[in-house]
1. Taking the Cβ of residue 436 as the center, what net charge do the other residues with Cβ under 12 Å away carry, scoring Lys and Arg +1 and Asp and Glu -1?
2. Tell me what the chain gives for mean residue ellipticity at 222 nm when only DSSP H runs of n ≥ 4 count, each as -39,500 (n - 2.57), the sum divided by the residue total, rounded to 500 deg cm²/dmol.
3. Would you mind ranking 456, 477, 436 so that the residue whose beta carbon has the fewest other beta carbons within 10 Å leads the list?
4. Take each complete run of DSSP H in the chain, measure how far its Cα atoms stretch along the helix's own axis, and keep only those covering 15 Å or more with mean Kyte-Doolittle hydropathy at least 0.0; list them.
5. Which of the lysines could a cross-linker span from residue 119 if the Cα-Cα distance has to be under 24 Å and same-chain partners fewer than 8 positions apart are dropped?
6. Go through the stretch 408-413 residue by residue and turn each phi into a ³J(HN,Hα) via Karplus (6.51, -1.76, 1.60, θ = phi - 60°); whole Hz please, and just put x for glycine and proline.
7. Roughly how large, in nm² to one decimal, is the mean projection of the convex hull of the alpha-carbon atoms in the stretch 303-401?
8. May I ask what percent, to the nearest 5, of DSSP beta bridges between residues of the stretch 287-443 are antiparallel?
Amino acid sequence: MTLTSSLSLLKTEGARRFITQRHRMRIGAEWTGAVSGKSLDVTDPATGQLLARVPAGDEADVDRAVRAARDALEGPWSKMTGLERGKLITRFALRLEELADELAEIEAIDCGKPVGYAKQIDVGLSANTYHYMAGWASKVNGETVNVSTPGDFLAYTTREPVGVVAQIVPWNFPLVLTAYKLAPALATGCVAIIKPAEMTPLSTLRLAQIAEEVGFPPGVVNVVTGLGAKAGAALAEHPGVDKVAFTGSTGVGKMVARSAIESVKRITLELGGKSPMVVLPDADLSKAIPGLASAIFFHQGQVCTAGSRLFVHKSIYNEVLDGIAAEAGKLKVGNGLNAETTMGPLVSSLQLERVMGYVEQGRKAGADVVIGGSTIGSEGYFMQPTILANTTPDMSVVREEIFGPVLCAASFGDEDLDRVAAQANDSSFGLSASIWTNNLSAAHKLAKSIQAGSVWINMHHFFDPGMPFGGYKQSGWGREQGEEAIRAFTEVKSVVAAL
Ligand code: NAD
């Protein structure tokens, strides 16, 4: 395999130096290869060429990382006050902001993202999440409780770090989804072992360098690279891990939960989605159309909250589809490192094959391909933004998560809002939804009846460190972000004294 030609497009010396260096995992105070000596190839999705090699960690490496993390949990880290931890997290966030151009390039080349989006969203939201959680570090409080038992008691609760946390992350937003787990872990005094996706491990290894540089004690932030079925499974099973924070597919999430239950680990699962977008006849289409297009085509649809099921009132159905098609036509598909690119490649040849397979299934089942439906070029993993119209609830393209730039559209008539909500809820997933209307009452009625962890009105894809994020139904267990995350990374202790 030749080394990727995308390297010549990098503008920061830091990204070039980092990507071409010999990569090591971070375990305790060491930068180390895998015990087995094996490595994994990391591919550039824009060219299909070799980008880097990282250690192929497995059970033996996970075991070392768990011991290093446990030592750190019981070492100086546990003596630091919340305020001290918060200051360190702030220093980390500021350093990410200083290195934003470099980190954005690493994320863009590894995941196939437009570099401008990577800087604004991947680095920006990550840094904001660390800033936000830094504030929580000094506010992890219990409460005093008025007990109902007659007598004289002093009763109070405390919140303690849950302990050693395995953080298993997918390939679509490595920096952001690590921040969702690492920031509250650090704020609450936990220690972390991060297992990035095998396809996109680079920014996480750079993150570990930055954590070392700003002064997190060794063993607080560990990174084990490796295959999911090896390193990931070993983390989920390891009795020394107290909690697994997992983001990924629903199928793997269920496997992780089954393994974790053996030692009754705490578990949060952020899983797949098939998010509906409901457009009522009075929606402001000048805003809705670009919003709907970006809801599905942003990051090539490889977003857990992608607006992949579109329900439009029949009176505006054709206008909305034509509008989204026109928006898709404006997308500049190309290598994410080119400044003008607004749509990059899919992450791998396998993912491209999967997504194209779904388009074919949709076609065969009777959906109309309004635009797209083909791959682009022979280099890298590019495909056209695609709209499938007149899809029906029984089609696999509507029921299953495609995780690609494929919109499934259907219309509804003059039925009441409960019927519209029922169509939106006809899914095993419940991660997010958007409602497009100027009717305040209809918007909030629908928001109440749609089963989803996040509901957005007249927008899609709103993420904020203060807003809890997670799924109903098979989209997950628990919530990340906001105060909910602090709860998810702490154990509550009830203390009662007889006075
Ligand atoms: P995936 O489930 O294949 O992999 C996710 C992570 O789990 C990777 O690090 C992988 O190496 C690891 N893994 C794989 N097999 C494992 C095993 N047996 N035991 C332990 N770990 C294992 O998911 P993916 O393809 O990387 O990501 C896409 C999926 O992630 C989509 O379904 C998407 O909806 C979901 N996702 C959800 C959210 C959310 O917040 N709800 C966010 C982003 C992505």
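Read-outs: derived from the displayed coordinates by stated rules, not from any lab. All values derive from a computational prediction rather than experimental measurement. When we count neighbours, we look across all protein chains shown, and the Cβ atoms used for this are built from the backbone with ideal geometry, even at glycine.
1. Taking every Cβ under 12 Å from that of residue 436, the sum is -1.
2. -11500 deg cm²/dmol
3. Values: 456 21, 477 16, 436 29.
If I rank by nearby Cβ atoms, fewest first, I get 477, 456, 436.
4. What comes out of the filter, once short or polar helices are dropped, is 100-111, 174-188, 202-214, 250-261, 285-297.
5. The reachable lysines, counting only those whose Cα sits under 24 Å from residue 119, are 11, 87, 181, 195, 330, 332.
6. 10, 10, 8, 10, 10, x
7. For the stretch 303-401, averaging the hull's shadow over all directions gives 6.9 nm².
8. Percent antiparallel among DSSP bridges in the stretch 287-443 is about 35.
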